[in-house]
Amino acid sequence: MTNSDFPGSELTSVLAEPVSVSWQSPSNIALVKYWGKTWRQLPVNPSLSMTLSKAFTETRLTALPRITEGSVELDFWFEGKQNTAFGERIIKFLQSVTDIFPWLSQVALKLETHNTFPHSAGIASSASAFSALALCLCSLDMELNGVLLDETEFRQKASYVARLGSGSACRSLFPGFTVWGKSKALAGSSDLLAVLVSEIHPVFTKLKDTILIVTDKEKPVSSSEGHSRMIGHPFAEARIKQATRNTADLLEAMKTGNKNDFIRIVENEAFTLHALMMTSDNGFMLMHPETVRIISRIQEIRKETGLDICFTLDAGPNVHLLYFEDQIEQVNKLIVEDLLKNNEQNMRIDDFYGKGPVKIG
Ligand code: DP6
């Protein structure tokens, strides 16, 4: 599959009036991590994520009439303000998908977007941002050109397009759990787009993710930079094998409802991600002392109390505490009285298993 599998058409006449579409699209948290890629976000290993619920981006994309054709013309608004820094990444992305959406050079675009979560909170904003934008592009394509796709084709195309913007974004197009990257353990899985994991034990559809904010400061090394440190990494080959096995084992654990295997694999992935950062050439560390204290406490408490809690980490210092609905009260008490008790930020975001993007206009 290539961009030419999604052939687009130009507008046959000049756009007469503005056309807008709006989508809400969630972020996701990786349980098996995507870390390392080849050209244009093709992953070096399969990853598996849970779509979140409360952390989402709302995006409105408007196509406006334009007299002369040319390169992409974008007016970008983030949180109600014109934003040029992120706007440049978006323009580059839009220029890279003009073969899928040839009308991009025939209209002027206005993009208005905002997030329901603070920047640098340990939630992948590029995942929700690029999935929302990809959905808007696919919807506008239907409106402007009358392209008709069924629901499955539409989501697949949006996932493919989102991947070109940010790898992890392609996993946000579906409810619940998603795999991106070829895995023998899941029929239909692909490096080009994400697929829904449909065989999930009900216990995992009640999964909670409370993000314990250690710091909301900008991280010193971006994910894109982190991916590039996997090129020539001394442990690259072993990592690809490990992620492939972890994906298969996690799929099995989630099918059968095996919480112990789930906990073991999820924490193994979080530790591995950060170990890979530390052991890369020019190694770096994104965990803070407070991150280490919290994750050590989570492991101790699990041993002491038998609660089914575990952690995962994104490429940053904030801790995602994962737990199940039936233990919500005990876990809440633990967060307040123990995990965040001496924490300066004392900030948390309570998120959970999400149902996927929603068209809002
Ligand atoms: C650690 O998707 O942000 O969150 O493709 O360069 O945009 P780009 O990277 P990005 O990387 C996410 C890395 C991760 C793990 C994951 O989400 O799987």
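May I ask you to verify whether V161 is more than 23 Å from G8 (Cβ to Cβ), touching a helix residue (DSSP H, G or I) at 6+ places or on another chain (Cβ under 9 Å) and of a type in the set (V, I, T)? Criteria not met by V161.
So that you can scan it fast, the table gives a plain yes or no per residue for (1) out of contact with any Pro (no Cβ under 9 Å at 6 or more places or on another chain); (2) more than 11 Å from the ligand (Cβ to nearest atom); (3) assigned to a strand (DSSP E or B); (4) at negative phi:
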| site | (1), (2), (3), (4) |
| --- | --- |
| A185 | no, yes, no, yes |
| D191 | no, yes, no, yes |
| E199 | yes, yes, no, yes |
| K208 | yes, yes, yes, yes |
| K219 | no, no, no, yes |
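So K110 ticks every box in (1) of a type in the set (K, R); (2) more than 20 Å from G361 (Cα to Cα); (3) over 17 Å from the mean Cα position of the chain (by Cα) but one. Which box is left unticked? Exception for K110: condition (2).
Where strands (runs of 3 or more DSSP E) fall entirely within the stretch 272-361, none has at least 1 residues that are in contact with a Pro (Cβ under 6 Å, 6 or more places away or on another chain) and surrounded by fewer than 16 Cβ atoms within 10 Å (Cβ to Cβ).
Within the stretch 257-275, residues that are under 24 Å from E199 (Cα atoms) and free of Cβ contacts under 8 Å to residues at least 24 places away in the same chain reach partners that are of a type in the set (D, E, K, R) and more than 15 Å from the ligand (Cβ to nearest atom) with beta carbons closer than 7 Å, at six or more positions or on different chains, in the pairs D261/D249. Has the stretch 26-35 got any residue that is within 11 Å of the ligand (Cβ to nearest atom) and on the phi > 0 side of the Ramachandran plot? No. Going through (1) surrounded by 18 or more Cβ atoms within 10 Å (Cβ to Cβ); (2) away from the ligand (no atom under 16 Å from the Cβ); (3) farther than 26 Å from L334 by Cβ one by one, T244 falls short only on (2). Residue count for the stretch 251-273 satisfying the condition of being more than 18 Å from the chain's Cα centre (by Cα) and either of a type outside the set (A, V, I, L, M) or closer than 17 Å to L313 by Cα (or both): 16.
Restricting to the stretch 52-71, what's the tally of residues that are closer than 15 Å to L94 by Cβ and either buried (at least 19 other Cβ atoms within 10 Å of the Cβ) or outside the structural domain of A108 (by TED's automatic domain parsing) (or both)? Looking only at that region, the number is 3. Restricting attention to the stretch 276-319, the residues that are among the β-branched types (V, I, T) and either touching a Gly at 6+ places or on another chain (Cβ under 8 Å) or in contact (Cβ under 8 Å) with a residue 60 or more places away in the chain (or both) add up to 4. Scanning the stretch 221-239 for residues that are part of a loop (DSSP other than H, G, I, E, B) and either out of contact with any Lys or Arg (no Cβ under 8 Å at 6 or more places or on another chain) or within 14 Å of the ligand (Cβ to nearest atom) (or both) turns up V221, S222, R229, M230, I231, G232, P234, F235. Given the residues V203, V195, V179, V161, which is the only one that is part of a helix (DSSP H, G or I) and surrounded by 19 or more Cβ atoms within 10 Å (Cβ to Cβ)? Result: V161 is the single residue among V203, V195, V179, V161 that is part of a helix (DSSP H, G or I) and surrounded by 19 or more Cβ atoms within 10 Å (Cβ to Cβ).
Scanning the stretch 115-149 for residues that are within 14 Å of the ligand (Cβ to nearest atom) and polar (S, T, N, Q) turns up S120, S125, S126, S128, S131. When the test is whether a residue is over 22 Å from K355 (Cβ atoms) and away from the ligand (no atom under 14 Å from the Cβ), G181 does not pass it.
Candidates G226, G167: the one that is farther than 27 Å from W103 by Cα, buried (at least 18 other Cβ atoms within 10 Å of the Cβ) and of a type outside the set (V, I, T) is G226.
Given the condition crowded, with 21+ Cβ neighbours inside 10 Å, at pLDDT 90 or above and in contact with a Lys or Arg (Cβ under 6 Å, 6 or more places away or on another chain), answer yes or no: does some residue in the stretch 105-113 qualify? There is at least one residue in the stretch 105-113 that is crowded, with 21+ Cβ neighbours inside 10 Å, at pLDDT 90 or above and in contact with a Lys or Arg (Cβ under 6 Å, 6 or more places away or on another chain). From the list T113, T98, the one residue that fits, being over 15 Å from T59 (Cβ atoms), free of Cβ contacts under 8 Å to residues at least 60 places away in the same chain and of a type in the set (V, I, T), is T98.
The values are calculated or read from the model by the stated rules, or taken from the named source; none is laboratory data. Source: prediction; values computed, not measured. Cβ coordinates were reconstructed from backbone atoms using ideal geometry, including for glycine residues, and neighbour counts include every protein chain displayed.
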